[in-house]
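> Right, I'll just put the structure down here and ask away after.
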Amino acid sequence: VQLQASGGGLVRTGDSLRLSCTASEGTLTNYKMGWFRQPPGKEREFVARIGRNGVGAYYADSVKGRFTISRSNIKNTPWLQMNSLRPEDTAVYYCAATTLVGQPTHPHDFNSWGPGTLVTVSS
């Protein structure tokens with residue numbers, strides 16, 4: 001499945017953004033969904049994950065308490081609500097899908113990706 005993240009932009013410290021992820025075709029019902037990000041000059045890192053039925057949300061320590069991952073009831077597409085944004089949250093954000101059993105958090109655990117969306121947080 002081909003994914004597309006959207007909703008990024010330029011914001012100030014403390015602002016909020018909501019990212020969404022859509023599938024070019026098919027449904028995401030059978031996939032666990034994750035959000036990753038890649039800061040400038042750094043490796044891609046895990047942000048959050050949610051189970052197929054919208055349960056089992058799990059977060060990186062760096063975003064816990066500020067970000068919330070959820071899924072749409074209609075199309076089962078994932079959202080990432082980002083509050084209290086900081087300059088260190090600046091990155092290209094990607095959504096990803098996996099059918100892997102267990103608790104995937106590494107990019108290698110996810111087999112469907114798409115173009116990311118850039119989030120820039122100014123100080």
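> Quick check for you: with a 1.4 Å probe and neighbouring chains kept, what is the accessible area per residue of the chain, in Å²? Walk me through the intermediate numbers first.
Values: 6440 Å² over 123 residues.
The answer is 52 Å² per residue.
> Between beta-carbons, use under 14 Å as the cut-off and find the net charge around THR29, counting Lys and Arg +1, Asp and Glu -1.
Working: positive: LYS32, ARG52, ARG71, LYS75; negative: GLU25.
That sum, taken over residues with Cβ under 14 Å, equals +3.
> Could I ask something else about it? Give me, ordered by chain and number, the residues 5 or more places off SER72 or on other chains with an amide H under 5 Å from its own placed amide H.
THR77, TRP79
> While we're on this one: Once phi is turned into ³J(HN,Hα) by the Karplus curve 6.51 cos²θ - 1.76 cosθ + 1.60 with θ = phi - 60°, what whole-Hz value does each residue of the range 6-16 show in order, with x for glycine and proline?
In residue order, the calculated couplings are 8, x, x, x, 9, 9, 9, 3, x, 6, 10 Hz.
> Something else: Where a Cα-Cα gap under 26 Å defines reach, which lysines qualify for LYS75, not counting those fewer than 8 residues away within the same chain?
LYS32, LYS64
> Per q in 0.17, 0.18, 0.23 1/Å, what log10 I(q)/I(0) does a Debye calculation on the alpha-carbon atoms of the chain return?
At q = 0.17, 0.18, 0.23 Å⁻¹ the computed log10 ratios are -0.77, -0.86, -1.42.
> Report, to one decimal in Å, the Kirkwood hydrodynamic radius for the range 15-70 based on all distinct Cα pairs. Mind showing how you got there, number by number?
Numbers: mean 1/r = 0.0792 Å⁻¹.
Hydrodynamic radius (Kirkwood, Cα pairs) of the range 15-70 is 12.6 Å.
> Please build a GNM for the chain, connecting alpha carbons under 10 Å apart, and tell me which residue among LEU100, LEU28, LEU17 fluctuates the most.
Between LEU100, LEU28, LEU17, it is LEU100 that shows the largest mean-square fluctuation.
> Taking H as built 1.01 Å from N, whose amide H comes closer than 5 Å to the amide H of GLY114, not counting residues under 5 places away?
The list, which skips near neighbours in sequence, is LEU3, CYS95.
> Please express the Cα-Cα pair-distance distribution P(r) of the range 60-123 as a list of whole percents, one per 5 Å bin, running from 0 to the bin with the greatest distance.
4, 14, 20, 27, 22, 10, 3, 1
> Can I ask one more? Test of understanding: in a Gaussian network model of the chain with alpha carbons linked when under 10 Å, which of VAL55, VAL101, VAL92 would top the mean-square fluctuation ranking?
It is VAL101.
> Out of the GluC sites (Glu not before Pro) in the range 30-123, which ones are loop residues according to DSSP with at most 15 other C-beta atoms within 10 Å?
Values: sites: GLU43, GLU45, GLU88; in loops: GLU43.
For GluC sites (Glu not before Pro) across the range 30-123 that sit outside H, G, I, E and B with at most 15 neighbouring Cβ atoms in 10 Å, the list reads GLU43.
> What net charge do the residues around ASP61 carry, taking every other residue with its C-beta under 13 Å from that of ASP61, with Lys and Arg at +1 and Asp and Glu at -1?
Values: positive: LYS64, ARG66; negative: GLU45, GLU88.
Result for the local shell: 0.
The values are calculated or read from the model by the stated rules, or taken from the named source; none is laboratory data. Treat the numbers as computed from the prediction; the structure is a model and nothing was measured. Methodologically, a virtual Cβ is constructed for each residue, glycine included, from the backbone with ideal geometry; neighbour enumeration extends over all protein chains shown. What goes into the accessible areas is simple: the full protein's heavy atoms, side chains included, and nothing from ligands, DNA or RNA. Shrake-Rupley method; radii C 1.70, N 1.55, O 1.52, S 1.80 Å.
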